[in-house]
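Readers should treat all values here as calculations from the given coordinates under stated rules, not as data from a laboratory. Given the structure is predicted, the values throughout are model-derived calculations rather than measurements. Reconstructed Cβ throughout: ideal geometry from the backbone, glycine too, with neighbour counts over all protein chains shown.
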Amino acid sequence: MKLFIDPADMKAQYEKSPEWLKKLMNAWADGLNYYLYKHPQVKPRVITRFEPWMALTLQRGQHRRRHREGEPEPARGVLRQDRRGDGRRLRERD
């Protein structure tokens, strides 16, 4: 797997982010790391410890993949069927 996103650039963007966004990214990383800590049977293939700046890479990668594959961008706030099939509708995140 090739890495197209420069970690140094993402770390610099994290440092420039507003405080409220840093808190959100810190919570995101803390939550994932806590989950891995509490569920030792879960073994990630590549990333074993999440850092807050990694949250910045998610949307970029999804956007690039969709653009590359020629998929249309989803409308904001689109409802989709829950994968569990219980009939509940979920709001798809951006």
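Each of Thr48, Thr57 has some number of other Cβ atoms within 10 Å of its Cβ, and from fewest to most they run Thr48, Thr57. Placing pseudo-labels 7 Å out from each Cα toward the beta carbon at Val42 and Asn26 gives an inter-label distance of 2.2 nm.
For Phe50, the residues 5 or more places off, or on other chains, whose built amide H falls under 5 Å of its own are Asn33.
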